[in-house]
1. Which pairs, out of Lys133/Lys343; Lys133/Lys324; Lys324/Lys348; Lys337/Lys363; Lys148/Lys363; Lys107/Lys343, put more than 31 Å between their alpha-carbon atoms?
2. Around Ser73, which amide H atoms from residues at least 5 apart in sequence, or from another chain, sit under 5 Å from its own amide H, with H modelled in the peptide plane?
3. Output the peptides 356-363, 139-146 sorted from most to least packed, where packing is the average of other Cβ atoms within 10 Å over each peptide's residues.
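Nothing in this text is a laboratory measurement; each read-out follows from the coordinates by a stated rule. Just so it is clear, the structure is predicted and the values come from calculations on it, not from any experiment. No Cβ is skipped: glycine too gets one built from the backbone with ideal geometry, and neighbour counts run over all protein chains shown.
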Amino acid sequence: MATKLMQSQNLTQADLIANETAEERSTRAGQSTVTITSTNGKMARNQRWYDVASDAACEAFDVQVYSEAGADSLDEVFYGLADNTVAAALAFEMLHNQIETWALERKGELRGRTAGINYRLGVAQRVLEDAEKENRRALRQAQEAGKKRLREEAAAEEAARAAEIARLANPADAEPVTTSPIEEPNVSVKVEDVPEEQERKPLADLSDEENEPLPSYAEGAVMYDDFGDTRADFDLNDEVADHQLDLDELESKVQVKPEPAEPSLRTRGRSRLPPPPPAAPAVKAETEPVKLEHELPSIMPESSDEAPSWTSALQLRTFRDNAKTIAENYLKDTGTKVRKGPKLREIKYDHAAFTKGWNDGRKVDLKRRRIEGEEKIKKER
């Protein structure tokens, strides 16, 4: 459970830190201290396996550490991302106490002056190796996740390209047909094509008194009282009938459909179009497109039994680099200067005792404990 919580916390922080300024990142920094005291009243001294055990905690939780010797105690100070320093301090406390407990239980088996130290070194070294192996495994998983995401993106692009090619090859089948009003010429009868109503009226009777007055004649001109047998070379009734026949033929050829009572803006002044043909089924690409929910891997687990995972190696490396930078800047901001301690004396190597410790070290899981009990650790920010 603690592993999932810590992994989820790191993923959340990674996304936030990547978009923060240096000042905003500094607010995430802090330190947690584990104080080692002697139970027999003697001064607590730094031992070689302390450094290995603290390095294992740093490797597991992406923090840094330095030790500080007091009058009768020794402090292991973890600094960096504040939440991670708490987890690292708790893990180191558990590891330190577990190693001391096992060493006391095996006291009868550990013969020799340096056997106890070698046993403790074996446990701590195994835990450090496992933490480094876990980090390498996380990096490989992140690389595989990144490659998988690229493959899925490439498959999605290929599917989209195939669908586009199919659509271009069969444009009528790929998309439903959409119709829009087409501009058509207004079908109407021009004034010049049809004789006006006045032109189609029969001529008035020449003998009608209401006709226009006859023109006046000049003096000396001969004026006849009647026209006698003089007639026009055409028949008025025939002309009117011919005009009427032509108009009837024209009207029979040209039939204008009546417009609707309230035509819309798009169909005003134009004839109606026939309904569009039914849409043909879309062409399916040979390569099935990748579903959206599988296009990009999610950093959250699919089930509650799976821990969150990094989406790419770049994301993981960026987080580790940022965590290291935050730790270094924390020392600068607090004015803390770290220097190398005195060189520890060499010890005689005991293969049997070291091997026993190495085998027992495989039982340790630094992240198995819940991240709780922070009151046991003095946390300074």
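1. Lys324/Lys348; Lys337/Lys363; Lys148/Lys363
2. It is Ala44, by chain and number.
3. Numbers: 356-363: 18.5, 139-146: 15.6.
Most protected by this proxy first, the peptides run 356-363, 139-146.
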